[in-house]
Amino acid sequence: MKQLPIESYLVPRLEERKRLSDFLAGSFQTIPSRKAFKTTIKKGLVKLNGIRAYTADFVSSGDLIEIFQDTSANNKPSIELEVAVLFEDEYLAVVHKPAGIVVSGNKKFTLENSLSFNLEESSQADALIRPEPIHRLDYPTSGCLLIGKTSEALLALNAMFESKTIQKTYHAITVGPISEAGEINTPIESKASETHYKRIAQLPSKKYGFLNLLELNPSTGRKHQLRRHLSSIGTPIFGDKTYGNIGRGSGLYLHATALQFVHPITSEAIHITTKLPKKFINLFPLTII
C-alpha cells in the first residue's frame, strides 16, 4: 500500500535557492523546529518533487516538499491492558493511568504500549501510527494522562505544556503539620520549581501526628516535583519510600485528579476529572472533592 504524505508544501517564489536543511521549518504544522526538520530529513521522511530528500538538496520556487509519517513505531510491542478512557476525539485523549505501571520506556509492559488497544484510530491525515503520551506520571502515581493521536495535536500539546497553559491538579495524603495553603519554591536540580497547595482536610494521628489531604497545582514539571517539594517542607507524601519512607502498605498516596486546557484543534474548553482512589477515601471517608 502506497504511503500518503501527512503534509505537503508548495514552495512559493524565492529570490534565490535555499538548502533544504535551511528551509523555514515554521512552514510545516507537523515540524516544530529546524532541528526537528533536519532529523526528519535524515530519517528519509521528506521527499522533494517525489524523490527522497537530503539536507544538502537545494529548494527552488515551485518545488513540492512532502512530509511522511514515521512508521518505526510499528515495531514496538502492543499489550492488551485495559485502561479507562476519560475523554477521546480524533486528535487527543485522556486516560486513567493505574498505579504500578510505567508510562513508557524500553519494557513491553508500559501504558504507552496499551494505547492502541484502548483508543480508536484517528481518521486524520496526520494520525500517529501509535498514540503517544504528552507527559509522564511516576510509576506509583495514578490518574489523568494526556495522549496525542495526531502529529498536529502532539506538537500543539507539547507547546502548551512548555507555555504552562495546561492546568494540572493532583491530590495527595501527607504526613505531619502543614498550613492551610501555601506555595513551595524549592529549586529542583538547580532549576526553578513552583507548587501551590491547599489543605482540604486534616486528621490527628497518634503515629504520625497529622494526616493531610492536599490539593496540589504544580506550575512547573520537574522530576518528582510534588514528592520532593512536600518532603522539603517536612510533610512527605504517605507511602513515598524515596522522599519520606513513611507508610508502606498501599503504595504512594498521590493521584493526578484533573486536567484543564483549551483544545488546540477545536478550541473547546476541556476539563477532565477522575475520582480519588479508594485508599484515599478509606482515610478521609467524609471528604467530598
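Need a quick list: strands (runs of 3 or more DSSP E) entirely within the stretch 47-114 having at least 2 residues that are at positive phi.
Working: elements: 64-67, 85-88, 92-97.
Here the list is empty.
Go through the residues of the stretch 8-27 one by one and say whether even a single one is touching a helix residue (DSSP H, G or I) at 6+ places or on another chain (Cβ under 7 Å), outside any helix (DSSP H, G or I) and free of Cβ contacts under 8 Å to residues at least 40 places away in the same chain.
So far as the stretch 8-27 goes, no, none of its residues is touching a helix residue (DSSP H, G or I) at 6+ places or on another chain (Cβ under 7 Å), outside any helix (DSSP H, G or I) and free of Cβ contacts under 8 Å to residues at least 40 places away in the same chain.
Which pairs have Cβ atoms under 7 Å, sit 6 or more apart or on different chains, and link a residue in the stretch 99-110 that is charged (D, E, K, R) to one that is modelled with pLDDT under 95 and surrounded by 12 or more Cβ atoms within 10 Å (Cβ to Cβ)?
Lys108/Ile79
Restricting attention to the stretch 213-239, report how many residues are assigned to a loop (DSSP other than H, G, I, E, B) and touching a residue at least 60 places away in the same chain (Cβ under 8 Å). Before you say what the answer is, go through the steps one by one.
Here is the first cut: in the stretch 213-239, the ones assigned to a loop (DSSP other than H, G, I, E, B) are 219-224, 233-236, 238-239.
This time we only want the ones that are touching a residue at least 60 places away in the same chain (Cβ under 8 Å), so: 221, 224, 235-236, 238-239.
So the answer is 6.
I want to confirm something. Restricting to the stretch 76-90 and keeping residues that are modelled with pLDDT of 90 or more and either more than 19 Å from the chain's Cα centre (by Cα) or farther than 23 Å from Phe261 by Cβ (or both), which single residue is surrounded by the most Cβ atoms within 10 Å (Cβ to Cβ)?
Looking only at the stretch 76-90, we keep the residues that are modelled with pLDDT of 90 or more, and these are 80-90.
Keeping just the survivors that are either more than 19 Å from the chain's Cα centre (by Cα) or farther than 23 Å from Phe261 by Cβ (or both) gives 80-82.
Working: Glu80: 9, Leu81: 15, Glu82: 9.
So, considering only residues that are modelled with pLDDT of 90 or more and either more than 19 Å from the chain's Cα centre (by Cα) or farther than 23 Å from Phe261 by Cβ (or both), the one surrounded by the most Cβ atoms within 10 Å (Cβ to Cβ) is Leu81.
When you look at Gly143, is it assigned to a strand (DSSP E or B), closer than 11 Å to Pro264 by Cβ and not hydroxyl-bearing (Ser, Thr, Tyr), yes or no?
Judged against the criteria, Gly143 is not a match.
Of the residues Lys198, Lys207, which single one is part of a loop (DSSP other than H, G, I, E, B) and surrounded by fewer than 15 Cβ atoms within 10 Å (Cβ to Cβ)? First the steps, then the outcome.
On the way: Lys198 fails: part of a loop (DSSP other than H, G, I, E, B).
Answer to the selection: Lys207.
Here are Ala125, Ala73, Ala99, Ala93: which of them is surrounded by 14 or more Cβ atoms within 10 Å (Cβ to Cβ), farther than 22 Å from Ile270 by Cα and either among the aromatic types (Phe, Trp, Tyr) or at pLDDT 90 or above (or both)? Spell out how you get there, then give the answer.
On the way: Ala125 fails: either among the aromatic types (Phe, Trp, Tyr) or at pLDDT 90 or above (or both); Ala73 fails: either among the aromatic types (Phe, Trp, Tyr) or at pLDDT 90 or above (or both); Ala93 fails: farther than 22 Å from Ile270 by Cα.
None of the others qualify; the one that does is Ala99.
Do we find a residue being closer than 27 Å to Lys278 by Cα and either surrounded by 15 or more Cβ atoms within 10 Å (Cβ to Cβ) or modelled with pLDDT of 90 or more (or both) anywhere in the stretch 181-189?
The initial filter retains those residues of the stretch 181-189 that are closer than 27 Å to Lys278 by Cα, namely 181-182.
Filter again for either surrounded by 15 or more Cβ atoms within 10 Å (Cβ to Cβ) or modelled with pLDDT of 90 or more (or both), leaving 181-182.
Within the stretch 181-189 (the criterion being closer than 27 Å to Lys278 by Cα and either surrounded by 15 or more Cβ atoms within 10 Å (Cβ to Cβ) or modelled with pLDDT of 90 or more (or both)), the answer is yes, since at least one residue qualifies.
Give just the number: which of (1) exposed (fewer than 15 other Cβ atoms within 10 Å of the Cβ); (2) in a strand (DSSP E or B) does Leu259 not satisfy?
The single condition Leu259 does not satisfy is (1).
The values are calculated or read from the model by the stated rules, or taken from the named source; none is laboratory data. For clarity, every value in this text was computed on a predicted model and none was experimentally measured. Using ideal geometry, Cβ is built from the backbone for each residue, glycine included, and neighbour counts are taken over all protein chains shown.
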